[in-house]
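Data first, discussion second: the structure below is written as structure tokens.
The values are calculated or read from the model by the stated rules, or taken from the named source; none is laboratory data. Quick caveat: nothing in here was measured; it's all calculated off a predicted structure. Neighbour counts run over all protein chains shown; Cβ positions are idealised from the backbone, glycine included. These area figures cover heavy atoms from the full protein model, side chains too; ligands, DNA and RNA do not enter into them. Shrake-Rupley method; radii C 1.70, N 1.55, O 1.52, S 1.80 Å.
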Amino acid sequence: MTESVTADIPLTAGKTPRHVAIIMDGNNRWAKEHRLKGVAGHKAGVDAVRATVETCAREGVEVLTLFAFSSENWRRPKDEVSALMHLFLFALEREVRKLHRNNIRLRMIGDRSAFSSAIQKHMEKAEELTAENTGLTLVIAANYGGRWDIAQANQKLAEKVAAGELRPSDITEDLIQQHLSIGDLPMPDLLIRTAGEQRISNFLLWHLAYTEFYFPHVFWPDFKAEQMREALKVYAGRKRRFGQTDDQIAASSPKE
């Protein structure tokens with residue numbers, strides 16, 4: 001992203017979202033429906049990730065953020081969490097070079113301290129390998145929570161105030177955003193949550209202020225290229241007002 005990103009609410013938006021964020025829900029229910037163990041649903045979900053990344057890159061989406069593991073997911077059964085960690089490590093080892101070959105930049109957000117040293121090491125290597133790529137930016141939110149993100153941003157600002165580098169009156173929305181995990185990227189235009197659930201579950205709380213929501217009923221492992229294209233089609237049909245009236249939107253639209 002070459003231009004500076006601010007916390008200002010935009011006035012207009014294009015038909016293709018610059019930034020898509022996805023809560024990948026329904027892996028366990030998919031597995032149950034297929035009479036499989038829960039981890040089988042997570043493994044099947046990797047194929048959906050691959051299809052979604054490829055489709056977004058092909059359709060001109062600039063940023064794709066996937067909610068892989070929330071800070072609340074540690075509450076799940078220990079055997080499932082362990083299986084998820086092994087799958088996460090496997091995916092990092094196997095998929096990153098494919099991303100690199102396709103000019104995709106990978107970023108990881110969230111509190112890494114809870115992960116094993118092996119996973120943290122692979123996270124760093126993956127980011128380093130793809131850092132100079134100029135295509136789609138793929139953001140993986142792992143051990144991430146929106147409240148944590150806002151809290152850590154404010155902790156950094158409080159430290160600067162305590163050190164005399166900032167005055168409390170210097171703190172603006174732009175400054176807070178600059179200290180968020182993806183404060184340098186465009187705000188999400190479209191949030192997708194699969195499996196029909198209609199909540200954001202502590203995901204990107206700051207960032208979703210004017211995001212369009214889309215809640216398909218399909219489980220995540222069944223969310224493939226066709227479903228991603230349908231989501232983009234639905235988004236293209238939305239009228240984004242950003243606080244303005246229809247007349248204002250019509251007046252600002254380019255004339256044919």
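Does V61 qualify as being in the same structural domain as I23 (by the TED database) and at pLDDT 95 or above? Spell out the reasoning first.
Numbers: in the same structural domain as I23 (by the TED database): yes; at pLDDT 95 or above: yes.
Here the answer is yes, as V61 does meet what is asked.
If you take the residues of region 173-209 that are within 13 Å of A21 (Cβ to Cβ) and either more than 14 Å from the chain's Cα centre (by Cα) or among the basic types (K, R) (or both), which of them is modelled with the highest pLDDT?
Looking at the filtered set, the residue picked out is R193.
Within region 76-97, how many residues turn out to be within 12 Å of V46 (Cβ to Cβ) and touching a residue at least 12 places away in the same chain (Cβ under 8 Å)?
6
Taking region 191-204 as the region of interest, how many residues are surrounded by fewer than 23 Cβ atoms within 10 Å (Cβ to Cβ) and not charged (D, E, K, R)? Steps first, answer last, please.
Residues of region 191-204 that are surrounded by fewer than 23 Cβ atoms within 10 Å (Cβ to Cβ), as a first pass: 195-203.
Adding the requirement that they be not charged (D, E, K, R) leaves 195-196, 198, 200-203.
Residues flagged as surrounded by fewer than 23 Cβ atoms within 10 Å (Cβ to Cβ) and not charged (D, E, K, R) within region 191-204 amount to 7.
Would a scan of region 130-138 turn up a residue that is surrounded by 13 or more Cβ atoms within 10 Å (Cβ to Cβ), of a type in the set (A, V, I, L, M) and in contact (Cβ under 8 Å) with a residue 60 or more places away in the chain?
Yes - at least one qualifying residue is present in region 130-138.
Of everything in region 169-190, what is touching a helix residue (DSSP H, G or I) at 6+ places or on another chain (Cβ under 7 Å), in contact (Cβ under 8 Å) with a residue 60 or more places away in the chain and surrounded by fewer than 19 Cβ atoms within 10 Å (Cβ to Cβ)? Give them in sequence order.
I176
Take A57 and tell me if it is open to solvent by 40 Å² or more (accessible area, probe 1.4 Å), under 15 Å from the mean Cα position of the chain (by Cα) and within 20 Å of F223 (Cα to Cα).
Yes: the conditions hold for A57.
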